[in-house]
Structures are given as structure tokens and as C-alpha cells.
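Scroll down for the structure; my scribbles are underneath it.
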Amino acid sequence: LNRRLAEFGTTIFAEMAALAIRTGSINLGQGSPDVDGPEEVREAAVRALRDGRGNQYPPGPGVPELRAAVCAHQQRWYGLEYDPDREVLITAGATEALAASLIALLEPGDEVVALEPYYDSYAAGIAMAGGTRVPVTLRPDPEAGRYRLDVDELRDAVTDNTRLILLNTPHNPTGTVLTREELAAIATIAIERDLYVVTDEVYEHLVFDEHQHIPLASLPGMRERTVTISSAGKTFSFTGWKVGWVTAPPDLLAAVRSAKQYLTFVASGPFQHAIAEALTLPDSYYAGLRDELAVKRDLLADGLATAGFTVFRPAGTYFITTDIRPLGPEISADGDGLAFCRGLPERCGLVAVPNQFFYDNREAGAPFVRFAFCKRMSVLEEAVDRLKQLT
Ligand code: PMP
Ligand code: GLN
């Protein structure tokens, strides 16, 4: 492995998934739904395959039906207008969209300010693009029960070498949904310092209670400098289909498209057709997904709290971040999330992921552990039952 990638051996998801299999544990590590998305969308994929739609290379930017559907989605949910021919790109999941955006927009040595903890592909994507990451740490606020962005810290992180801010809301792994005030502060900094923003909004529809997802591109002055990324993997529970998309103004979109051409060129032909249909599902589908996940969140969050964790009840995503320190030095391995996760199968037959892998500043992330709740109720009930063995 070259020097740029030397630090990225195997992902923590692979290590923890292997541990779950080896020990027969319930895997609440990887964010992988254990129930597939809607039957009618699977049927749409079968029809596309059978009727020969997408079995050969689809058009580079994505099939026209899906690009039109993505535009209709941005209009329907956020009142954002995009041109399907010049401002939309279909990608092999959000992962490729992120990599292509970073490769397209960064010169070697450019700095990327990213909110930490961050999804692990960000660091690798920045490294592959030859950029330098500059983390701004989201801090837990146990009183508010959420993580907060320190806007001054963000402002101080920006230098003359900063090219872009890399954002994620709703946020993996903390479950935080950035507020309008936080987003407005980010927008002000981006405009003042003339920065691009790449915003990963894959959990846009997994938002609970009174919380609301606000796309950064909808703020004044932001559409023209924002690359927005989302994925059907999350909204429709088809993570294996790898259908993602980018919306951006024409100049930025063209740059991302150039990079994407030489990564996969195209992907997921028949699935693109199926997701075009999925995006037309009625509001009740989205509400159902949200309501079901909120019940699951509450079940697992309550179980974790009863077991003694400090729980950051997520406003969005399907992840719960916990602080393990209240479990005491022995069980929490002195507040070391990695050691705790490695021992968790033996203690109670569960697998989770240590948040420290989402930090540059490993120490800041050490005592935090993430549990995924995109699982069947019976699985979560069993997990909560097993948590009782912990203490
Ligand atoms: N961004 C975030 C924040 C994610 O959690 C994930 C899924 N793990 C991705 C991007 C990748 O999405 P996809 O599977 O569509 O590539
Ligand atoms: N996005 C999912 C997660 O954060 C899956 C990650 C993966 O397997 N690469 O768990």
C-alpha cells in the first residue's frame, strides 16, 4: 500500500463483522438493514432486468428516468430546482460520489475541513485525492443529549489552503441533525472564505421526532457552491444496490462527473431504473420508515441506558452513540472503546463499533461506541435482553 493509504488497512466494519460471525454474536456494528426494502421496488428491479433496461452500460451520468426522479425528489422535499441534464449525476453509492467529488475538487495539498467523528471513507477519500484533512471535533453535550458543532472552532480551522468543507447531516455516527443555526454559521464561513462544501445527506429521510433535515444547498448563497450527496441504500434499504447521486451546479457537477467516469464509468443499471420508481413512492412510505425506526431507536436506547451506558439518543440516522465510561473501569476497559468492543461478544454476545476509528484525534473518540438499530424488532429485543448480562 502506498504512503497515502498506509493507514487504511481493513475497515473497522470488516473486523467487527468477522468477530460477529466467529462468535455467533448479534451484529449491531455495521449499518446494514436486516430487512430488504419495499417489495414493489424489488419487483421494479426484476422487471428492468427482464425487459432489458440497464443490462448494458447505462448513460454515463445515469439513466434519464432516475436523473429526472432525483430532481423531482429535491423539488418535492426541499423546493430545490436542479436540471436533470446538467446538475445531476448517478454514482455507485454515496461512497463513489464522495470519492469522485474529492478527487475532482482537490489539488494535492489542499486542506479539507471535516466534522469529526466522520464516516471512515472520508479520510481515505481525502487521502486518495492527495488532500489533507483538518478535523473539527463535534463535542458531546450530555445535558442537551446531543453533539454540538463549535462554530468558532470551525472558523479557526479554515486557512488559506482550505478548499472545501466536508459535511454530514444527519450525522453518522453521532445521530446529530445539524440545526438551521449551525448550518447558517457553516454557510457564512463558506461564503466569507469562498469555499466549496461537499455535504453527505444520505440519512436525509431518517430523522425523528420534531427534528428536521435541512439541506445545506437550500440556504441563501449556498446552492452555487454546494455538492449534495445522497443514496438509495439508506432511504430504501438496498445497501447492496449501490445507487447514489450527486446534485450540484453545472460547473461542479461536470468536474465530479469527469472523475466518476474513470472510477466506475457507470454502475447498477437495472437498479437505477428501480430506484427511479422508488423515488415516486408516496409520503406514507417515508413516514412509515421513520416511524418504524423511531420505535427501534427507543427500544435499543432504553436498553442501553438501563444497562448503564450514557446514551446520545439520535435525532437522525440508524445509529446510537454511547459513552461506555459509566459502566465502570472493568467493563469499559478503562474507557477504551476498541478493547470494550473486542470483549463484548464474550460478555454478552453483541457486536458494536468503536467510534475512535472515526476520529483523527483517537483519544477524543476513545470512550464512545456505536450501535446500529436498523434490525428487526425481535433481534433488537434479543440484543436488549443480552445487554442485561453486561452488569
Ligand atoms: N456516508 C455515510 C455517512 C454513510 O453512513 C454511508 C453508509 N455507510 C455512506 C456514505 C455510503 O453510502 P453508500 O452505501 O451509498 O455508498
Ligand atoms: N455506512 C454503514 C456504516 O456506517 C456501512 C459501512 C460499511 O460497511 N462500509 O455502518
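Rundown of residues vs (1) under 19 Å from the mean Cα position of the chain (by Cα); (2) among the aliphatic types (A, V, I, L, M); (3) modelled with pLDDT of 95 or more, yes/no style:
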| position | (1), (2), (3) |
| --- | --- |
| ALA248 | yes, yes, yes |
| ALA259 | no, yes, yes |
| TYR262 | no, no, yes |
| VAL266 | no, yes, yes |
| TYR286 | yes, no, yes |
| ARG297 | yes, no, yes |
| THR310 | no, no, yes |
| ALA315 | yes, yes, yes |
| THR322 | yes, no, yes |
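Suppose we filter ALA267, ALA274, ALA259 for residues that are assigned to a helix (DSSP H, G or I), more than 15 Å from ligand 2 (Cβ to nearest atom) and touching a Lys or Arg at 6+ places or on another chain (Cβ under 8 Å); which single one remains?
Working: ALA267 fails: assigned to a helix (DSSP H, G or I); ALA259 fails: touching a Lys or Arg at 6+ places or on another chain (Cβ under 8 Å).
Matching residue, one of ALA267, ALA274, ALA259: ALA274.
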Odd one out for PHE13, checked against (1) modelled with pLDDT under 95; (2) assigned to a loop (DSSP other than H, G, I, E, B):
(2)
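Take THR174 and decide whether it is touching a strand residue (DSSP E or B) at 6+ places or on another chain (Cβ under 6 Å), polar (S, T, N, Q), within 18 Å of TYR147 (Cβ to Cβ) and within 16 Å of ligand 2 (Cβ to nearest atom). First the steps, then the outcome.
Numbers: touching a strand residue (DSSP E or B) at 6+ places or on another chain (Cβ under 6 Å): yes; polar (S, T, N, Q): yes; within 18 Å of TYR147 (Cβ to Cβ): yes; within 16 Å of ligand 2 (Cβ to nearest atom): yes.
Judged against the criteria, THR174 is a match.
Determine whether region 40-47 contains at least one residue that is among the basic types (Lys, Arg), under 22 Å from the mean Cα position of the chain (by Cα) and either more than 29 Å from ARG290 (Cα to Cα) or assigned by TED's automatic domain parsing to the domain that holds PRO84 (or both). Working first, answer last.
Applying the first criterion (among the basic types (Lys, Arg)) to region 40-47 yields 42, 47.
If we keep only those that are under 22 Å from the mean Cα position of the chain (by Cα) too, we end up with none.
Within region 40-47, none of the residues are among the basic types (Lys, Arg), under 22 Å from the mean Cα position of the chain (by Cα) and either more than 29 Å from ARG290 (Cα to Cα) or assigned by TED's automatic domain parsing to the domain that holds PRO84 (or both).
The rows are residues; the columns are (1) in contact with a Lys or Arg (Cβ under 6 Å, 6 or more places away or on another chain); (2) free of Cβ contacts under 8 Å to residues at least 60 places away in the same chain; (3) part of a helix (DSSP H, G or I).
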position	(1), (2), (3)
PRO220	no, yes, no
SER230	no, no, no
LYS242	no, no, no
TRP245	no, no, no
LEU253	no, no, yes
Surrounded by fewer than 16 Cβ atoms within 10 Å (Cβ to Cβ), at pLDDT 95 or above, away from ligand 2 (no atom under 16 Å from the Cβ) and small (Gly, Ala, Ser), is that true of GLY60?
yes
Find the residue count for region 120-176, including only residues that are more than 19 Å from the chain's Cα centre (by Cα) and at positive phi.
2
Checked region 190-217 for anything surrounded by fewer than 20 Cβ atoms within 10 Å (Cβ to Cβ) and closer than 21 Å to ARG163 by Cα; matches are ILE191, GLU192, ARG193, ASP194, LEU195
Do we have ALA20 as touching a residue at least 40 places away in the same chain (Cβ under 8 Å) and not assigned by TED's automatic domain parsing to the domain that holds GLN212 here?
yes
In region 167-184, how many are surrounded by fewer than 24 Cβ atoms within 10 Å (Cβ to Cβ) and not hydrophobic (A, V, I, L, M, F, W, C)?
4
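The values are calculated or read from the model by the stated rules, or taken from the named source; none is laboratory data. Predicted model, so just to flag it, every value in this text is computed and none were measured. Neighbour counts are summed over all protein chains in view; Cβ atoms, including those assigned to glycine, are modelled from backbone coordinates with ideal geometry.
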